[in-house]
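Notes follow the structure.
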Amino acid sequence: MKRVIVLYNLAERLEKGVPSDLICEQEITIIVPLVVELLKKRGYQVEALKADLNLWEELKARKGSFDIVFNLAEAFGGGNTNETVVPAMLEGLSIPFTGASLGNMSLILDKEKTKLVLAPYGIPTAQHVLFRTGREVLNGLGFPLIVKPIKEEASIGIYSDCVVNNEADLLRKVLDSLAKYKQPIMAERFIRGREISVGVVGNLPDIHVFPPLEFLFEGATSELEKIRSYEYKWGGKKEQMVRADLPPQIIRQLVEYSKICFEATDCRDYARMDYRIDPENGIYLLEVNYNPGIGPNSHGLNNTLTKMASFEGCSFEDLVERVILVAMQRYGLA
């Protein structure tokens, strides 16, 4: 019987951003019990462990009593920051765990550095300018632009007013985001068109790519509203996700790009790549997501990776176990 610790953080303390940012952190209270229950039903010995301020001592004391950690911690210590502390501890204690390493997480958390790493591999991304003070210049970058913090996930910091059409609105949004998120802010050329996501599970040389998924934006009154804003994703409505109907050559290109992104950024076990496709079928990578949300599309939850896995008949339960098994195989434990 394999022994698994399901590691999670419950963000109850706001350390950056705005109070509503904590909404997205609460789904973990639904996901963890479901994961524990399904793994027990599949014959695993399972225990949940909170990534609180005693985590180092807890892991050190328990080392050897479990085989692998299923790392669902998206922050550390009860706040909404310091996610990289968790893999650092696990690596420091030589404890096997699922998903992103410290190095992979640190790279991908920075959207600009991810662009720079992937550029030599031929991965197309939208032009951007990085704002650290608000006094930077656009250098010819035209409007509309989308404004986003460079080190946030889950659409945090991306709101319906983040697509701007002039310098006055740009400066207002940049200064507001700098004050709230205390990190550089990216202004990126807004790509009109379709928003697509592609999921990956496995490790080299056996990387599997799920069929692409498309986000729909019913009710949007203009192209500029068709974004996965925080309101769209966490505003209480179910995200509109369907299997993407794309030409075969576009699907092949998305699969190729996604495999390159996975390998070039040192992803492990599972990841998700988000893209925009313009009306001329030009593809632009938005970001790489390590440890993408892995919950059911029930219980009031929306999970992109689980949805695209379902296109191949892979259930939420199957996907959770699949991630654990590919991680164990990577460590030579399977």
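Here are a few things to note about the model shown:
- Of K111/K226; K2/K151; K2/K111, those spanning more than 26 Å from alpha-carbon to alpha-carbon: K2/K151; K2/K111
- Only DSSP H runs of four or more residues enter the estimate; each adds -39500 (n - 2.57), and after division by the residues of the chain the mean residue ellipticity at 222 nm equals -9500 deg cm²/dmol.
- For the stretch 103-185, the set of trypsin sites (Lys or Arg not before Pro) satisfying both a DSSP loop assignment and a count of at most 13 other C-beta atoms within 10 Å is given as R132, R135, K182.
- Taking the C-alpha atoms only, the angle from helix 248-264 to the longest principal axis of the chain is near 60 degrees.
- Fewest-first ordering of V117, V147 by other beta carbons within 10 Å of each residue's beta carbon gives V117, V147.
- The stretch 230-334: chymotrypsin sites (Phe, Trp or Tyr not before Pro) in DSSP loop, at most 14 other beta carbons within 10 Å: Y331
- Arranged from fewest to most other beta-carbon atoms within 10 Å of their beta carbon, M241, M308 become M241, M308.
- Ordering C261, C267, C314 from the fewest to the most neighbouring beta carbons within 10 Å gives C314, C261, C267.
- With 10 Å bins beginning at zero, the pair-distance distribution over Cα atoms of the stretch 168-299 amounts to 10, 36, 36, 16, 1 %.
- Column: log10 I(q)/I(0), Debye, Cα scatterers of the chain, q = 0.13, 0.14 Å⁻¹: -1.00, -1.17
- GluC sites (Glu not before Pro), loop per DSSP, at most 12 other Cβ atoms within 10 Å - longest free stretch of the chain: 13-217
- Between helix 28-41 and the chain: long-axis angle, C-alpha atoms, 0 to 90°, nearest 10: 40
- For the pair S298 and V137, a Förster radius of 56 Å applied to the C-beta separation gives a FRET efficiency near 0.70, rounded to the nearest 0.05.
- The label point for E57 and the one for R192, both projected 7 Å from the Cα toward the Cβ, are 5.9 nm apart.
- Nearest 10 degrees, 0 to 90: helix 316-330 Cα axis against the chain principal axis: 70
- Summed residue charge, Cβ within 15 Å of K2's Cβ, Lys/Arg positive, Asp/Glu negative: +3
- Most mobile of G103, G300, G219 in a GNM of the chain (Cα contacts under 10 Å): G219
- Between H208 and Y121, full extension at 0.36 nm per residue minus the direct alpha carbon distance yields a gain of 29.3 nm.
Rule-based calculations on the coordinates, nothing more; no lab input. What you see is a predicted model, and the numbers here were worked out from it, not measured in a lab. Positions of Cβ are backbone-derived with ideal geometry, glycine not excepted, and every protein chain shown enters the neighbour counts.
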